[in-house]
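Report on the structure given below.
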Amino acid sequence: MEPLVAAIDQGTSSTRFLVFNAKTAELMSHHQVEISQSFPKEGWVEEDPREIMQSVYECIERTCQKLCQLSIDVSNIKAVGVTNQRETTLVWDRETGEPLYNAVVWLDLRTQSTVERLINKAPGRSKNHLKHKTGLPISTYFSAVKLRWLLDNVDKVHEAVLAGRAMFGTVDSWIIWCLTGGKNGGVHITDVSNASRTMLFNIHTMDWDPEICRYFEVPMNILPKVRSSSEIYGWVKSGSLSGVPISGCLGDQSAALVGHMFFEEGQAKNTYGTGCFLLRNTGTKRVMSDHGLLTTVAYKLGKDEPACYALEGSVAIAGAVVRWLKDNLGIVQTSSEIEKLAAAAGTSYGCYFVPAFSGLYAPYWEPSARGCGSNTSENQCFSHHFLSTACLVSSLFSSIICGLTQFTNRNHLAFAALEAVCFQTREILDAMNQDSGVPLTQLGVDGGMTANKLLMQLQADILCIPVVKPCMSETTALGVAMAAGAADGVNVWNLSPGQLPHLTSERYEPQINPEESEFRFARWKKAVQRAMNWETTEVCSSNGVGKKLNNAHWNVPPVPPPVKVDP
């Protein structure tokens, strides 16, 4: 049997364990477990670190059982890689091994006041004060502000820091620490791709920055050691994989870039998951964006290998908009149903949807433009909404749907939701082309939403360039498996250009003329401007309607009683 390499893919909504053939990149077996999220308050998103680890253990054991049923010897697994949702922030106790608070998820918005305070103490009150070192603006998105909030607001965290027991990490650090022994000698590390998303990491020196840590008032002794993306960090201490080295670590978007085998400068991929993340490889050059993009470490495939960088545009809401249509509005019963509804319409009929549930990320970085969250306790706020032929807007938040008429139906809304994902990607791609000076000629795609063929065709139409989707859909897991298998001391996966496996793909060519694409995109940008800086001066009243709006340019009619509409 040829050597196998495994990947732990811990995402926002699920954990998966996948096993690949190291010679052919064939997926041999896998198992997936859903992860629950909690929403304690509006804008807060949390996950239980214990549940995350339990899901990892369950996925490993169930996959190993499946391999045995296929008569595949588990001992052929030569290495394990870890890829993870980035920016999600955890603090735990090194002595007890217990988390000191829930994981604060990357799209959580509780840190807006923390961000404002940090920006206010920056020279010129610039959100880009640290960008020259980190490649990032000061934003709710990144781990440092989440960690600062935990230090300020959670007594257990504060006390553990003072006692020298606290350990900070993103999800990769938590998983690797637990798998390598936890409180009994667990390895506390992260890789350069994850470290570069914390806002505490200097992308020039490739290490934690003392000056930035002082700015955030974060003690450096709680930070993990930064390692390359491909080297042996430690060994699994228990279970079916006991003794197997953990030798690859990449944030999920970097892993997808590697999984596409986009090792050349100028190649780009977009991942369609809960959010949407477009990375363009800039090689060993750190390209600082003038158009709202992030400069991030893509990967460092070995201790002695150079770091490679990427320009990144992040969209907070992609697949999450489909879940919102399902869970909050009941427009679809399953996520896969949206393609059928949208195809039945074939057009949005002039509707434009701005799903700014967690603010607008690249290229705007505007947290005040936001929509109705997936917190079920807030669902009532949307059910009492303003209806007019011009727009639909929640009374508490600023997610908007413009262009409604009496003929608009759920099919048009489904189409508009898919278009919204594509328009947001177009904004990022335009910014990347401006920053790089070289227009992208095709876009690689991956992620759960790429199963939607209509979405892929819409994306090609709106970008006016081909969209290429690998037929092997597990690009993210494949990328970190490649990194793990190529690590020095494992050496079962050759990443030399001539040795990379060939993956078949589907190609979507643009089918509309550029003039139509530009017209639709211009209308979308007009809708985005409507969503910017939307606020209410008071929270929802008992009937779900804000008592007062301070945004004078909206001419909102009196609120009618709720109307029961047959979807």
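The listed residues are Glu312, Glu339, Glu305, Glu265, and the only one of them that is of a type in the set (Asp, Glu), in contact with a helix residue (DSSP H, G or I) (Cβ under 6 Å, 6 or more places away or on another chain) and on the phi < 0 side of the Ramachandran plot turns out to be Glu339.
Taken over region 463-480, the residue count meeting the criterion of being surrounded by fewer than 24 Cβ atoms within 10 Å (Cβ to Cβ) and either under 18 Å from Ala256 (Cα atoms) or β-branched (Val, Ile, Thr) (or both) is 8.
Note on region 238-312: enclosed strands (runs of 3 or more DSSP E) holding 2 or more residues that are over 19 Å from the mean Cα position of the chain (by Cα) and touching a residue at least 24 places away in the same chain (Cβ under 8 Å) are 245-251, 276-283. When the criteria are applied in full, Met220 fails the requirement of being within 16 Å of Ala144 (Cβ to Cβ) and touching a Leu at 6+ places or on another chain (Cβ under 6 Å).
Can you find a residue that is of a type in the set (Gly, Ala, Ser), open to solvent by 20 Å² or more (accessible area, probe 1.4 Å), over 30 Å from Glu159 (Cβ atoms) and out of contact with any helix residue (DSSP H, G or I) (no Cβ under 9 Å at 6 or more places or on another chain) anywhere in region 230-242? Scanning region 230-242 turns up at least one residue that is of a type in the set (Gly, Ala, Ser), open to solvent by 20 Å² or more (accessible area, probe 1.4 Å), over 30 Å from Glu159 (Cβ atoms) and out of contact with any helix residue (DSSP H, G or I) (no Cβ under 9 Å at 6 or more places or on another chain).
Looking at region 220-237 only, could you name the residues that are small (Gly, Ala, Ser) and either over 20 Å from Trp106 (Cβ atoms) or free of Cβ contacts under 8 Å to residues at least 40 places away in the same chain (or both)? Ser228, Ser230, Gly234, listed by residue number.
Just one of the numbered conditions (1) under 19 Å from Gly251 (Cβ atoms); (2) at pLDDT 95 or above; (3) not small (Gly, Ala, Ser) is not true of Asn102: (1). Of all residue pairs spaced 6 or more apart or on separate chains, those with beta-carbon atoms under 9 Å, a first member in region 203-219 that is under 26 Å from Gly302 (Cα atoms) and free of Cβ contacts under 8 Å to residues at least 40 places away in the same chain and a second member that is open to solvent by 30 Å² or more (accessible area, probe 1.4 Å) and part of a helix (DSSP H, G or I) are Thr205/Lys133; Trp208/Met220; Pro210/Met220. The requirement of being closer than 30 Å to Thr296 by Cα and open to solvent by less than 10 Å² (accessible area, probe 1.4 Å) is satisfied by Ile52.
A Cβ distance below 6 Å, combined with a sequence gap of six or more or placement on separate chains, defines the contacts here; from region 66-86, residues that are over 18 Å from Ser55 (Cα atoms) reach residues that are assigned to a loop (DSSP other than H, G, I, E, B) and of a type in the set (A, V, I, L, M) in the pairs Asn76/Met1; Ile77/Val244; Lys78/Val490; Lys78/Val492; Ala79/Val490. The residues of region 426-457 that are touching a residue at least 60 places away in the same chain (Cβ under 8 Å), polar (S, T, N, Q) and not in a loop (DSSP other than H, G, I, E, B), listed by number, are Gln434, Ser436, Thr450. Residue count for region 226-279 under the criterion of being polar (S, T, N, Q), out of contact with any Lys or Arg (no Cβ under 6 Å at 6 or more places or on another chain) and within 13 Å of Val480 (Cβ to Cβ): the result is 4. Quick check on Pro558: is it at pLDDT below 80, open to solvent by 90 Å² or more (accessible area, probe 1.4 Å) and not basic (Lys, Arg)? Taking the combined requirement at face value, the residue satisfies it. Applying the selection to region 35-49, what residues are within 24 Å of Gly182 (Cβ to Cβ) and surrounded by fewer than 15 Cβ atoms within 10 Å (Cβ to Cβ)? Of everything in region 35-49, those that are within 24 Å of Gly182 (Cβ to Cβ) and surrounded by fewer than 15 Cβ atoms within 10 Å (Cβ to Cβ) turn out to be Ser36, Ser38.
Taken over region 290-305, residues that are of a type in the set (Gly, Ala, Ser) and crowded, with 22+ Cβ neighbours inside 10 Å amount to 1. Could you list all residues from region 481-508 that are small (Gly, Ala, Ser), more than 24 Å from the chain's Cα centre (by Cα) and surrounded by 24 or more Cβ atoms within 10 Å (Cβ to Cβ)? Result: Gly485, Ala486, Ala487.
Scanning region 475-519 for residues that are in a loop (DSSP other than H, G, I, E, B) and free of Cβ contacts under 8 Å to residues at least 12 places away in the same chain yields Asn491, Asn494, Ser496, His502, Asn513.
Being of a type in the set (A, V, I, L, M, F, W, C) and open to solvent by 20 Å² or more (accessible area, probe 1.4 Å) is the filter here, so list the residues in region 73-99 that pass it. Hit for region 73-99 is Val74, nothing else.
The values are calculated or read from the model by the stated rules, or taken from the named source; none is laboratory data. If you're wondering where the values come from, they're calculated on a predicted model, not measured in any experiment. Cβ atoms come from the backbone with ideal geometry, glycine included; neighbour counts cover every protein chain shown. The protein model used for the area step is the full one, side chains on, heavy atoms only, and it has no ligands, DNA or RNA in it. Shrake-Rupley method; radii C 1.70, N 1.55, O 1.52, S 1.80 Å.
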